[in-house]
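One structure below.
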Amino acid sequence: MAKIHFFYSTMNAGKSTALLQSNHNYLENGMNTMLFIPKADADKNKGFIESRIGLKAKAVIADKDFNFYNYIKENLTKDHHCVLIDEVQFLTKDQIIQIAKITDEFDIPAMCYGIRTDFRGELFEGSHYLLALADNLIELKTVCSMCSKKATMVVRLDQSGKVLTEGQKIQIGGNETYQVVCRKHFRSLTNLI
């Protein structure tokens, strides 16, 4: 029986690198995969899943109206062995349910990679439903940028490096926009929890 695997972490933990390594392992063993990336992130990377260390692979772009179930149903062949999705936090509840249906009905595993919480410490919609529906929850770890503890949160920074606690839920950015921290430093920097 195929399963949904949710690999989650903060930024800079190697989620995209792990996804691309898994994809490489499937391909190297003669098994085809389907790669997806939400439009929220795809525009920045021109439809590629890219890791900070330079690995990349072309992916199908999924906007808010994209139907994973219909796409897989129309394009799945016996040679496909896995669905891999990056930045899964940007998916909707309906899309996560579609992924569950794909895994259950077509017996194909889904490996989903994403961030659990936003810069306010609140769950993203896609992550919320994956935490509820995934068969396996796998935490990828990285270190707090302010101490040696495990980073579990992110803070958003303005252009001058000041911590922000308000704004749009989704803002694509890298180390210039976000800083990974442990819960203790998140609390002291944001006063949100």
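Structure values in brief
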read-out	value
Residue match in the range 155-164 (condition: in contact with a Phe, Trp or Tyr (Cβ under 9 Å, 6 or more places away or on another chain) and without any contact (Cβ under 8 Å) to a residue 24 or more places away in the chain)	yes
Any hit, the range 48-64, residues being in a helix (DSSP H, G or I) and surrounded by fewer than 22 Cβ atoms within 10 Å (Cβ to Cβ)	no
Number of the condition not met by I72 [criteria: (1) more than 19 Å from Q171 (Cβ to Cβ); (2) surrounded by fewer than 19 Cβ atoms within 10 Å (Cβ to Cβ); (3) touching a helix residue (DSSP H, G or I) at 6+ places or on another chain (Cβ under 9 Å); (4) not aromatic (F, W, Y)]	(2)
The range 13-42, residues that are over 12 Å from D86 (Cα atoms) and without any contact (Cβ under 8 Å) to a residue 40 or more places away in the chain	Q21, H24, N25, L27, E28, N29, G30
Qualifying residue in the range 89-109 (condition: closer than 20 Å to G30 by Cα, surrounded by 23 or more Cβ atoms within 10 Å (Cβ to Cβ) and not basic (K, R))	no
Top-ranked residue of the range 119-134 - restricted to ones that are touching a helix residue (DSSP H, G or I) at 6+ places or on another chain (Cβ under 8 Å) and of a type in the set (D, E, K, R), ranked as farthest from N25 (Cα to Cα)	R120
Selection within the range 165-193 - over 21 Å from G114 (Cα atoms) and in contact (Cβ under 8 Å) with a residue 60 or more places away in the chain	T190, L192, I193
Checklist (1) without any contact (Cβ under 8 Å) to a residue 12 or more places away in the chain; (2) farther than 17 Å from G114 by Cβ applied to K58, failing item	(1)
Test: residue in the range 11-18 that is modelled with pLDDT of 95 or more and either farther than 25 Å from D118 by Cα or of a type in the set (D, E) (or both)	no
Count of the range 32-60 residues which are of a type in the set (A, V, I, L, M, F, W, C) and modelled with pLDDT of 95 or more	7
Single condition I37 does not satisfy, out of (1) in a strand (DSSP E or B); (2) under 16 Å from the mean Cα position of the chain (by Cα); (3) over 23 Å from Q171 (Cα atoms)	(3)
Residue count, the range 137-172 (criterion: within 27 Å of T92 (Cα to Cα), touching a strand residue (DSSP E or B) at 6+ places or on another chain (Cβ under 9 Å) and surrounded by 12 or more Cβ atoms within 10 Å (Cβ to Cβ))	16
Within the range 92-193, strands (runs of 3 or more DSSP E) holding 1 or more residues that are within 30 Å of M1 (Cα to Cα)	110-115, 136-139
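Residue by residue, here is whether (1) farther than 16 Å from A13 by Cβ; (2) aromatic (F, W, Y) holds:
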| position | (1), (2) |
| --- | --- |
| I53 | no, no |
| F66 | yes, yes |
| N70 | yes, no |
| K73 | yes, no |
| D86 | no, no |
| T92 | yes, no |
| C112 | no, no |
| I115 | no, no |
| L133 | yes, no |
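The values are calculated or read from the model by the stated rules, or taken from the named source; none is laboratory data. Remember, predicted model here, so these are calculated numbers, not experimental data. Virtual Cβ from ideal backbone geometry, glycine too; neighbours counted across all protein chains shown.
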